[in-house]
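Working notes for the structure below.
The values are calculated or read from the model by the stated rules, or taken from the named source; none is laboratory data. All values reported here derive from a predicted model rather than from experimental measurement. Cβ: placed from backbone, ideal geometry, glycine included. Neighbour counts: every protein chain shown. SASA here: full protein model, heavy atoms, side chains in, ligands and nucleic acids out. Shrake-Rupley method; radii C 1.70, N 1.55, O 1.52, S 1.80 Å.
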Amino acid sequence: MKTRARVALAGLMCLAVAACGSGGATSSADPESNGPLTLVDYGGATSEISKEIWMEPFTKQTNIQMRHDAPNDYAKVKAQVDSGKISWDVMFVQPYRAIVDCGTYFEKLDKSKITTLDKLPPLIGECGVPIDNFAYILVYDAKKFGANPPTSWKDFFDLEKYPGKRGLSTAVAGGVLEAALLGDGVKPEELYPLDIDRAIRKYDSIKDNISFFESGARQMEQIESGDVVMSLAWHGRVQLSVRNGAQFKPVWNQHIRTHDTVAMIKGTPRKEDAYKFLSFITDVQQQKLWAEKTSYGAANKDAKPTLDEVGQEYDSNDPAHAELAVNLDLNWWAEHYEEAIDRYTKWSAQ
């Protein structure tokens, strides 16, 4: 496992559970224990939200200075941990990585120091703290298909009935294989272990109509410009596009559900401050604000966000939406990610 983790972290591809984005990075934090606490996220739109509702209020409440960096580059994590020169502290991580790299590149967490843990879903492995409920969903252009909308992943692959380009992530662990298999008629309870060959064959049937996106920002550009008529999308990013004027609608049937996850960098000298920050961002008030700003479902079960019409439409915690979910099997991804990304990357590059 340790060898596999090191290989996995050597890759430079930033994958999303939540939405990799572009965004300028600030300088690294002081490596001494009294330096600023650094949060590393995906960049883009969510960075501005995390600064507003997490970092600034945390500093005001605790007097602990914070610094932001982006994107969450795993090669940099490896370099910092292997050299012992740690300049990052808390980072958004794909949840399966919180399993694969637990104890190697991310700290095994002391549950007693996270004051909100009884209000949250279980830790992802021993290293990942769930911070929201996240969904990969089918979305479609209501201007084109409003009178006869798609209702399932099967429709995502039906070019005759629904002609046009499809948006698809370069991040294979973002529900990509699951969506293809569901679209090919596999029952949710029979999804795992994932049949990678079958999923790729399904995408072969529409490959000339696929527009790949490598970031949340690019996904939003595709939707807002009309470059695509459907997309396998990150639901929080789509609601931002809708607020920007895009006339897209979600299909919650068989959406693929997981968590956004944060972890602590192995060996950070700011561990105690990091525990305080993890407790702060999963507190009721911060979770409420996060859900209201992003439409990602609050992880803290006591958080009751006030959502407008768009927020409600894209709320993954709405019981009517949640009951239609297919849960991502993080343990499968922890075991098979390297094989899946290798085969998917080679296929998409052909």
| note | log10 I(q)/I(0) for segment 199-302, Debye formula on C-alpha points only (no solvent), q = 0.18, 0.23 Å⁻¹, two decimals, reads -1.00, -1.26
| request: Positive end of the charge dipole of the chain (Lys, Arg +1 and Asp, Glu -1 on Cβ, about the Cα centre): tell me which of Leu138, Thr104, Leu120 has its Cα farthest that way. | output: Thr104
| remark: Rounded to the nearest 10 Å², the accessible area of Ser112 using a 1.4 Å probe with every protein chain kept is 90
| said: With just the Cα atoms defining each centre, how far is segment 52-118 from segment 250-326? Give it in Å. | reply: 17
| request: Show Leu123, Leu39 ordered by accessible area, largest first, where the area counts protein heavy atoms only and the probe is 1.4 Å. | output: Leu123, Leu39
| Reported label for calculated mean projected area of the Cα convex hull in nm² given (i) 16.3; (ii) 35.4; (iii) 22.5 | (i)
| Candidate aspartates and glutamates - alpha carbon under 15 Å from Lys119, same-chain residues fewer than 8 apart omitted | Asp132, Asp283, Asp302
| For the chain: accessible area per residue (Å², 1.4 Å) | 40
| note | The relative contact order of the chain, taking Cα pairs under 8 Å that sit 6 or more residues apart, comes to a percentage of 25
| Taking 0.36 nm per residue of separation and subtracting the Cα-Cα distance, what length does fully extending Glu56 through Lys161 add? | 32.9 nm
| Local electrostatic count at Pro57 - Lys and Arg +1, Asp and Glu -1, tallied over other residues with Cβ under 11 Å | -1
| field | Positive-end residue, the chain charge dipole about Cα centroid, Cβ charges, pick of Ser152, Ala263, Asn253 | value | Ala263
| request: Report Glu56's accessible area, 1.4 Å probe, all protein chains in place, as a number in Å² to the nearest 10. | output: 120
| query | Using +1 on the beta carbon of Lys and Arg, -1 on that of Asp and Glu, and nothing else charged, what's the dipole of segment 240-350 about the Cα centre, debye to 20? | reply | 300
| request: Leaving ligands, DNA and RNA out of it, report the carbon-plus-sulfur percent of the accessible area of segment 171-219 at a 1.4 Å probe. | output: 41
| remark: For the chain, the charge dipole (Cβ of Lys, Arg +1; Cβ of Asp, Glu -1; about the Cα centre) points to a positive end, and the Cα of Ala79, Ala233, Ala173 closest to that extreme belongs to Ala79
| note | Counting only residues 5 or more apart in sequence or on a different chain, those whose built amide H sits under 5 Å from that of Phe134 are Thr258, His259, Asp260
| Chain lengthening between Asn34 and Glu309 when straightened (0.36 nm per residue, less Cα-Cα) | 94.6 nm
